[in-house]
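Asker: I am attaching a structure below and will ask some questions about it afterwards.
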Amino acid sequence: VSGGTVSSMRPQNAIGRMEVTIIQAHNLPQVIWSSGKDGEFLGLPQAYCVFTLNKLTAQTVINKRDWSPSWNHTVSIDVRDVWQVCSLKVMHSKTLSRTHKDDFTIGNVSLPAGQVINWRGGSLGGDG
């Protein structure tokens, strides 16, 4: 995830605007696939990301079976408080066409918005 920047154009109750780019993941683990009556086996993940802040949720596309998927998905959102928590989850989906309620989390990270924003307008975060 690339860090955020703050702009001066914002709603009255926001202290800034953050833009987050979900770039890619590296070396994702094997996931358990179920083949119905034939049981389970390990395989490549079909990964997607879910970003959440201010009750807004943004989701990337689902990548077909890949250890190191790329998304290059950008979301822009108002920040109301530096302690608001940004959450990013990498998920596994059974199908490429849609997400499912039983999709499971491969990994996640949660940080206060103030930790990913450099208030001078630059990014604090690298890749990851």
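Asker: What is the set of long-range amide H partners of Gly16 at a cut-off below 5 Å, with H atoms built 1.01 Å from backbone N?
Answerer: Val79
Asker: Taking a virtual spin label 7 Å from the Cα of Ser97 along the C-beta vector, which residues in region 51-69 bring their backbone nitrogen under 19 Å of it?
Answerer: Under cut-off, by backbone N: 61-65.
Asker: In units of 2.2 N^0.38 Å, what is the alpha-carbon radius of gyration of region 11-111?
Answerer: On the way: Rg = 15.7 Å, N = 101, 2.2 N^0.38 = 12.7 Å.
For region 11-111, the normalised Cα radius of gyration comes out at 1.23.
Asker: Which aspartates and glutamates does Lys94 reach when only Cα atoms under 17 Å apart count, and residues fewer than 8 places away in its own chain are ignored?
Answerer: Asp38, Glu40, Asp66, Asp102, Asp103
Asker: For Asp103, Asp66, give the ranking by accessible area with the largest first, probe 1.4 Å. Mind dumping the intermediate values first?
Answerer: On the way: Asp103 20, Asp66 55 Å².
Largest to smallest exposure gives the sequence Asp66, Asp103.
Asker: Let me check I've understood the local charge: for Tyr48, count other residues with C-beta under 13 angstrom from its C-beta, Lys and Arg +1, Asp and Glu -1. What total comes out?
Answerer: Working: positive: Lys64, Arg65, Lys89, Lys94, Arg98; negative: Asp66, Asp103.
With Lys, Arg at +1 and Asp, Glu at -1, the neighbours total +3.
The values are calculated or read from the model by the stated rules, or taken from the named source; none is laboratory data. Since the structure is predicted, the reported quantities are computational estimates derived from the model, not experimental observations. Glycine gets a Cβ as well: all are built from the backbone with ideal geometry, and neighbour counts include every protein chain shown. Please note that ligands, DNA and RNA were not included when accessible areas were found on the heavy atoms of the full protein model with its side chains. Shrake-Rupley method; radii C 1.70, N 1.55, O 1.52, S 1.80 Å.
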